[in-house]
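The values are calculated or read from the model by the stated rules, or taken from the named source; none is laboratory data. This structure is a prediction, so every number in the text was calculated from the model and none was measured. Don't worry about glycine lacking a Cβ; one is built from the backbone with ideal geometry, like all the others, and counts go over all protein chains shown. These accessible areas exclude ligands, DNA and RNA; they are computed on the full protein's heavy atoms, side chains included. Shrake-Rupley method; radii C 1.70, N 1.55, O 1.52, S 1.80 Å.
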Amino acid sequence: MARKKLRFRDVILSVICVVFTIEACAPAAAIGNSAVFWWLFLLVTFLMPYGFVVAELGTTYAEGAGVYEWVRDAMGRRWATREAWYYWVNYFTWLASVTVLFPPTINGILGFEMPLWAEILIEMVFIWFVVWTSMQRVGDISWVMNAGAVLNIVMAVGIGCLGIWYGTTHGFAEPLTPRSMLPDFSDGNALTYLSIIIYNYMGCEVIATFVDSMDDPKRDMPKAIIGGGLAIVAVYLFVSLGISTAVPHNEISLASGIADAVAVMAGERSLPFMLVSTGFLLSLFANMISWSHGVSSVTNQAAKEGNLPRVYAKEDSTGRHAGSCIMSGVCASALVLAKPLFEYVGVGVFSIALSLDIVFTLAAYIPMFPAFLRLREIDSDRARPFRVPGGRLAIRLFCWVPVVELVLSIIVACIPLNGSSTELGKIPLLIGVIVIVLLGEVIRHVSHSRATERARALGIELPKAKMGPDVDRRRPRRPRRPKSADES
C-alpha cells in the first residue's frame, strides 16, 4: 500500500503544530507587555537565521534524521551523540511536564479534585497513548498534526479576542502603552526572557525528518518554515497580550495561566472556559505527536550507528521506531511517578521537568549552527536547492549571534547569578543538568566501545564523519625525493 504524502498545506500546518504550543503562551505572557520587544528582537536575531539554516540543511541533506546527521557529518561522532542525547532528554522531560497538566485541567472542568490514584491513572494513560500514536507513520497521523495546528490557532485567536473585549469593557490589568512594550534592562530578570522566547521558537528542524513523507520537500520546506514562522510570531503576540489584559503579568501561573485568564474574563466553568480547557488538553496531545517522529528518527539513527544504546534502535515488524518511543514513555512515567518525592523536597514536577526541557532544548541547538558553517566549507560543491543569502561575514554573524543567545539563555536558566532566594532556587535544576550531562558522556563512551566491538566481530567498518574530530586531519607526508648521485 502506498504511503500517504504530505502536501504543502500539511507541511505548513505541521510547522505550526510543532513550533506553536498553546501551553507556552502563559510563560510568554508572564513577561508582560515588554514581550512585544523580545518577540520582535528575537524574530530578527534568532528565528530568521534559525529558519534559514534549517531550510538549507533540510533541503540539501534530506536523509531523514535531520539535525543529528548534520552535526555528525560536520563535527563527528562525539558531538553527534551529544546532539541525539540532549534532543531525546528534551522530549521525555517535556512529555512529563505536559502530562502533569492533565489532572488539574480536568479538575477545573469537572469542578472537583480527583483522588491521587485517578490522577496517576490519567497521567499514565496519556503518556502511553502518546507512545502508541508516536509509532505510527507520519503520513497516517498527519491529520492529528493538522487538527492540532488549527485547534491551537483557533484557541489563540479566541483568547486574544476575548482579552481585547475584556480590556475595552473592564479595563486592562496593565496599561498597554508604547513605553510598556520596551524592556527594563535594570530588571535582573530581563535576560531570563531570552530562554522563554527562544524556547517558544524551537521545532522547525523537526520538519526535516518528514522529508520522506513530503510531495516536494525542496519546494515546500523553505516556504513552510519561513511563512509558518512569521504566522507563529503574530499568533504568540496576540494571545500573550490577550492573557495579560486580564491577569497582571506577575500573577500569571506558568502551569494554568491560560485557564486562569479565561476564568477571569468569562467566569469559572463558563462555556468559553470549558471549551478552552478541553481544547488545551487536545492540543497538548497533538504537540507531543508532532515532535515524537523527529526525536525517534534522531535517536533511532544514532543507536544504529553505535552512538546510543541499542535499545533505541529497536523497530517493530513494519520498521517503526518502537525502541525510542518506549524509552521516552518509560522515562517520562518515572519522572511523573516521582511526584511525591519531588514535592517532599519542595520542588514541583512540572517546574523541574519544564526547566530541564528548556535547558536541553537550547543545548541541542547549539551544535547546529557551527555544523552548518562546517558543511558549507567541506561540502561546498554540493547542490543546494535553497541557499541562505549573504556573504561570508554575514553568514558567520547569521550563525554565531544565535549561538551566543542560546549560551546566555542556558546560563541564566540554570546557574545562580547572585545569592537571592530566587537564584539559589536554581540549584536543584543545575544539579539535574550536571547529572544528565555526565550520564550522557558515560553512555557515549560505553556505546562507542560496544559499537567498535560489534563492528570488529562482524568484520565491518564503522561509518565515520566526513571531516569530524574523529577523522585523522593530519596531512599525509610527502614522499621523500630520492637523492641523486651528486647529492649522495
Quiz item: If you go through the range 313-333 one residue at a time, how many are over 21 Å from the mean Cα position of the chain (by Cα) and assigned to a helix (DSSP H, G or I)?
Solution: 1
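Yes/no per residue for (1) open to solvent by less than 10 Å² (accessible area, probe 1.4 Å); (2) among the aliphatic types (A, V, I, L, M); (3) out of contact with any helix residue (DSSP H, G or I) (no Cβ under 8 Å at 6 or more places or on another chain); (4) modelled with pLDDT under 90:
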site	(1), (2), (3), (4)
LYS314	no, no, no, yes
ARG320	no, no, yes, yes
LEU341	no, yes, yes, yes
VAL347	no, yes, no, yes
MET368	yes, yes, no, no
Exercise. Select from the range 237-256 the residues that are at pLDDT below 75 and aliphatic (A, V, I, L, M) and list them in ascending order.
Key: ILE252, LEU254, ALA255
Exercise. Output the residues belonging to the range 303-312 that are surrounded by fewer than 22 Cβ atoms within 10 Å (Cβ to Cβ) and either in a helix (DSSP H, G or I) or free of Cβ contacts under 8 Å to residues at least 40 places away in the same chain (or both).
Key: LYS304, ARG310, VAL311
Quiz item: Taking the range 393-423 as the search range and keeping residues that are at pLDDT below 85 and open to solvent by 30 Å² or more (accessible area, probe 1.4 Å), which one is nearest to ILE352 (Cα to Cα)?
Solution: THR422
Exercise. For the range 215-236, state whether one or more residues are outside any helix (DSSP H, G or I) and either at pLDDT below 75 or surrounded by fewer than 24 Cβ atoms within 10 Å (Cβ to Cβ) (or both).
Key: yes
Practice problem: Search the range 319-338 for residues that are within 15 Å of THR299 (Cα to Cα) and basic (Lys, Arg) and pair each with any residue that is open to solvent by 50 Å² or more (accessible area, probe 1.4 Å) and modelled with pLDDT under 90 when their beta-carbon atoms are under 9 Å apart and the residues are at least 6 apart or on different chains. | Solution: ARG320/ARG137
Exercise. Could you pull out the residue among VAL154, VAL130 that is part of a helix (DSSP H, G or I), under 25 Å from VAL67 (Cβ atoms) and at pLDDT 80 or above?
Key: VAL130
Practice problem: Go over the candidates TYR68, TYR50, TYR86, TYR91 one by one and state the one that is closer than 25 Å to THR21 by Cβ and surrounded by fewer than 24 Cβ atoms within 10 Å (Cβ to Cβ). | Solution: TYR86
Quiz item: Is it the case that the range 381-388 has a residue that's at pLDDT 85 or above and assigned to a helix (DSSP H, G or I)?
Solution: no
Quiz item: Which residue pairs have Cβ atoms under 9 Å apart, sit 6 or more places apart or on different chains, and have a first residue in the range 101-122 that is assigned to a loop (DSSP other than H, G, I, E, B) and a second that is acidic (Asp, Glu) and open to solvent by 30 Å² or more (accessible area, probe 1.4 Å)?
Solution: GLY111/GLU268
Quiz item: Does ALA383 satisfy the criteria of being touching a residue at least 12 places away in the same chain (Cβ under 8 Å), among the small types (Gly, Ala, Ser) and loosely packed, with under 15 Cβ neighbours inside 10 Å?
Solution: yes
Quiz prompt | Which listed residue, of ILE127, ILE109, is more than 19 Å from VAL330 (Cα to Cα) and touching a Ser or Thr at 6+ places or on another chain (Cβ under 6 Å) | solution = ILE109
Self-check item: Only one of ASN300, ASN250 that is loosely packed, with under 15 Cβ neighbours inside 10 Å, in a helix (DSSP H, G or I) and in contact (Cβ under 8 Å) with a residue 60 or more places away in the chain
Solution: ASN250
Quiz item: Name the residues in the range 364-380 that are in a helix (DSSP H, G or I) and either within 19 Å of the chain's Cα centre (by Cα) or without any contact (Cβ under 8 Å) to a residue 12 or more places away in the chain (or both), would you?
Solution: ALA364, TYR365, MET368, PHE369, PRO370, ALA371, PHE372, GLU377
Exercise. Determine whether ALA286 is part of a helix (DSSP H, G or I) and more than 29 Å from SER449 (Cβ to Cβ).
Key: yes
Quiz item: Looking at this structure, is VAL44 surrounded by fewer than 24 Cβ atoms within 10 Å (Cβ to Cβ) and of a type in the set (A, V, I, L, M)?
Solution: yes
Quiz item: In the range 146-173, how many are polar (S, T, N, Q) and exposed (fewer than 15 other Cβ atoms within 10 Å of the Cβ)?
Solution: 2
